[in-house]
Amino acid sequence: MGVQLDDFTSRATAFLDANLPRKEAAKKFVWGEGSDNMSMFEEKSREAEQQMVDEAKAWRTKKFDAGFGWITGPTEYGGAGLTAAHERAYAAVEANYKVPSQSIFTIGLGMVAPTMLAHGSPQAKEKFLRAMWRADIVGCQLFSEPGAGSDLASLQTKAERDGDEWVITGQKVWTSGAHYSDIGEIICRTDPSQPKHKGLTAFLVDMKAPGVEIRPLRQMTGGASFNEVFFTEVRVPDWYRLGDENAGWGVALTTLMNERAAIGAGMGGGEVSMMTRITAMVHHYGLQNDALVRDMLANLYINYRVANFNNKRAMDKMKAGQTPGPEMSISKMALVNNQKLLNDFLAHVLGAKLQADTGEWGTYAWNQLVLGAPGMRIAGGSDEVMRNIVGERVLGLPKDVGIDSKSPFRDLKVGTQKD
Ligand SMILES: Cc1cc2nc3c(=O)[nH]c(=O)nc-3n(C[C@H](O)[C@H](O)[C@H](O)COP(=O)(O)OP(=O)(O)OC[C@H]3O[C@@H](n4cnc5c(N)ncnc54)[C@H](O)[C@@H]3O)c2cc1C
């Protein structure tokens with residue numbers, strides 16, 4: 001490989017030193033000091049969110065222009081053409097600096113861009129990949145519909161061919177970040193005479209095109225990070241198609257595989273600061289000798305450690321070039337189960353202070369985490385769907401009986417489908 005790791009790391013360090021402040025050495029955590037924010041989703045006002053988007057984009061553009069924005073990407077589309085070892089070396093150095101939140105890119109760069117690289121037309125790759133990795137544009141995922149979530153292949157948004165264009169009409173829902181996105185990856189039904197997994201086609205769609213209407217959805221946490229998105233005769237050129245006509249299911253699976261990898265990698269185990277916080281909480285309330293609290297705390301610690309090891313195993317598999325498999329489903333189940341244990345612990349120790357804001361530091365702030373937790377049980381595949389995957393692929397149990405993969409879609413009774 002042309003670029004030596006040592007030279008590369010020195011260059012990365014020089015770039016980061018010149019552009020970002022270093023993180024201070026970790027201070028010993030003291031109960032009552034610093035921020036007590038523990039929210040799961042970044043729930044901000046629209047103004048604060050816009051500021052976060054601007055800062056996230058500014059940093060990513062700077063990083064891209066210095067050659068660190070898409071380290072393993074092919075040079076023909078703006079990548080640096082280097083190895084995963086260079087990518088890891090950069091990440092290790094960058095971890096020492098205060099980087100503006102990059103969460104707005106999780107879906108676009110973690111899921112949509114890899115799908116585009118695998119299935120996009122040459123024109124689409126040329127037009128969008130560099131722009132996405134440079135943060136000129138942000139991407140979102142338009143899969144779920146009111147009648148199609150776990151059973152995604154029941155989706156009804158349709159795309160009809162009109163010469164060199166496609167005309168899209170229908171509704172998507174739960175679209176994270178649609179309101180600040182520029183393009184989306186959408187799965188549409190293109191042939192209802194085929195079985196439901198077969199008549200689907202994937203496209204890119206311009207989120208600012210005429211006929212696209214984005215409406216925010218308010219969550220129980222108070223934030224509005226999801227949207228419902230309506231498409232009324234929205235036109236996309238044929239070269240926005242991802243993969244072949246009626247082969248959209250395979251394209252969707254590429255994206256979903258990357259989604260589970262992103263969720264498993266980002267959230268499972270390793271919650272050191274959380275463990276530190278709750279241990280300090282136990283001491284603060286003088287509960288360190290309470291047998292039940294000790295038992296709950298130990299149980300949490302063990303389960304987070306086990307989840308962390310399982311995650312590491314899955315990550316090592318990916319680093320070795322293997323495809324993430326059911327380990328990701330196990331990681332996700334461990335994540336949400338641990339979240340449930342944590343919620344029970346918080347409710348036990350904090351009681352009513354978790355529900356009513358007394359103004360006391362480190363109490364009501366956990367409410368955001370507790371209210372965000374049910375969302376994690378659903379996002380990226382619900383608990384039951386994860387259990388089905390593990391049951392079928394790990395334990396070798398028979399397949400879920402509820403899926404008709406043979407009848408033409410138009411003959412199925414699905415949601416609100418019209419004849
Ligand atoms: C935080 C968050 C972010 C999201 N972001 C996006 C996004 O950006 N883009 C997007 O397209 N979607 C997004 N979604 C939607 C998400 O993909 C769906 O919510 C999810 O696929 C579940 O679908 P559903 O909500 O329609 O529930 P349903 O599929 O209707 O499920 C309802 C219940 O039935 C159970 N169930 C369903 N099928 C089975 C089965 N075969 N066996 C046993 N039980 C079953 C489920 O487990 C669940 O408890 C997001 C969701 C969340 C919570």
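Throughout, read-outs are computed from the coordinates displayed, never taken from laboratory work. Since we're looking at a predicted model, the values are computed, not measured. Cβ coordinates were reconstructed from backbone atoms using ideal geometry, including for glycine residues, and neighbour counts include every protein chain displayed.
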Review point. Structure shown: which of K44/K319; K28/K98; K125/K317 lie over 30 Å apart, alpha-carbon to alpha-carbon?
Key: K44/K319
Revision key, fill the gap. Semi-axes a, b, c in Å (a largest) for the range 163-204, each sqrt of 5 times a Cα gyration tensor eigenvalue, come to 22, 14, 8
Check your understanding: Under the definition of Cα pairs under 8 Å and six or more residues apart, what whole-number percent is the relative contact order of the range 103-144?
Key -> 54 percent
Check your understanding: Counting alpha carbon pairs within less than 8 Å and at least 6 residues apart, what relative contact order, in whole percent, applies to the chain?
Key -> 16 percent
Exercise for review: Obtain the nm distance between the two label points defined at A280 and T358 by a simple spin-label model: each point lies 7 Å from its Cα along the Cα-to-C-beta direction.
Suggested key: 1.9 nm
Study note, to complete from the structure: the chain, Gaussian network, Cα under 10 Å: of L395, L256, L350, the residue fluctuating most is L395
Practice item. Using only Cα atoms, figure out Rg for the chain and give it as a multiple of 2.2 N^0.38 Å. Key: 1.05
Exercise for review: Could you tell me which of rounded, prolate or oblate describes the range 329-396, using a ≥ b ≥ c as the square roots of the eigenvalues of the alpha-carbon gyration tensor, with rounded for a/c under 1.5 and, failing that, prolate when a/b is larger than b/c and oblate otherwise?
Suggested key: prolate
Review point. In the Gaussian network model of the chain, springs joining C-alpha atoms below 10 Å, which of V401, V293, V212 carries the largest mean-square fluctuation?
Key: V401
**Study point:** Backbone HN-Hα couplings from phi across the range 334-349 [Karplus 6.51/-1.76/1.60, Hz, Gly and Pro as x]
**Key:** 5, 4, 6, 5, 5, 4, 5, 4, 5, 4, 4, 4, 4, 5, 5, 7
Practice item. May I ask you to derive the relative contact order of the range 69-159, considering only C-alpha pairs under 8 Å and at least 6 residues apart, and to give it as an integer percent? Key: 22 percent
Review point. Taking N as the number of residues in the range 268-381, what value does Rg over Cα atoms divided by 2.2 N^0.38 Å take?
Key: 1.19
Revision key, fill the gap. If R0 = 25 Å, then A26 and V306, at their Cβ-Cβ distance, give a FRET efficiency to the nearest 0.05 of 0.50
Review point. Using the Kirkwood radius built from alpha carbon pairs, what does the Stokes-Einstein equation give as D for the range 1-112 at 10 °C and 1.306 mPa s, in µm² per second?
Key: 99 µm²/s
Revision key, fill the gap. Phi angles of the range 230-238, converted by Karplus (6.51 cos²θ - 1.76 cosθ + 1.60, θ = phi - 60°) into ³J(HN,Hα) in whole Hz with x for Gly and Pro, give 9, 10, 10, 6, 7, 9, 10, x, 4
